[in-house]
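Quick note: the coordinates plus some simple rules give every number you see, no bench work behind them. Computed from a prediction, not measured in an experiment: that's the story for all the values here. Neighbour counts run over all protein chains shown; Cβ positions are idealised from the backbone, glycine included.
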Amino acid sequence: MRNSIEIALYWTIALFVIICLSLIIFTIVANWKMFKKAGKPGWASIIPVYNTIILFEIIGYKWYYIFLYFLGMIPFVGYIALTIFTISLNIKLAKSFGLGAGFGIGLWLVNPIFVAIIAFNKNINYVAPSVNGDIDFNDLF
């Protein structure tokens, strides 16, 4: 009895690992293609921190806005500010590819799927940076 339970557990763990690795590879490929579509090197999408700096270039933000992610270290108020910044960032990314705010909300909620839509849809092309370097609080979204 115990042997069959152990075998079932091993198969469950193996299946979970295979699914997780498949999702990771899918996300890497989608991000790589999205970066290439925006005229940036695809390999930049797999390097931590640098990929965020390149994403900011795609959107039009200056590189030092990456420090806004430290807002998450401030309890409660920082979480809210970081959430608003992240939503705004995704909407600006969608606008950089000629898409609307609704698509940007989708990028925020289900990022891998919407990045894959940008990456693999031949009708979606990179338009231009949607931000002129600085955060404009009048046009946050």
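A few remarks follow.
- Prolate/oblate/rounded label for the range 85-130 (Cα gyration tensor, a/c 1.5): oblate
- Label separation (LYS122 vs TYR69): 3.5 nm, computed from points 7 Å beyond Cα along the C-beta direction.
- In the range 46-141, trypsin sites (Lys or Arg not before Pro) in a DSSP loop with at most 15 other beta-carbon atoms within 10 Å: LYS62, LYS122
- As a length-normalised measure over Cα pairs under 8 Å and 6 or more apart, the relative contact order of the range 2-139 settles at 25 percent.
- Counting Lys and Arg as +1 and Asp and Glu as -1 over every other residue whose Cβ lies under 15 Å from the Cβ of GLY102, the net charge comes to +2.
- Considering only PHE70, PHE35, PHE26, the Gaussian network model of the chain with Cα springs below 10 Å gives its largest mean-square fluctuation to PHE70.
- Among THR12, THR83, THR52, the ranking by other beta carbons within 10 Å of each residue's beta carbon, starting with the fewest, stands as THR12, THR83, THR52.
- All Cα-Cα distances of the range 2-139, cut into 5 Å bins from zero to the largest, leave 2, 10, 16, 20, 18, 12, 8, 5, 4, 3, 2, 1, 0 percent in each bin in turn.
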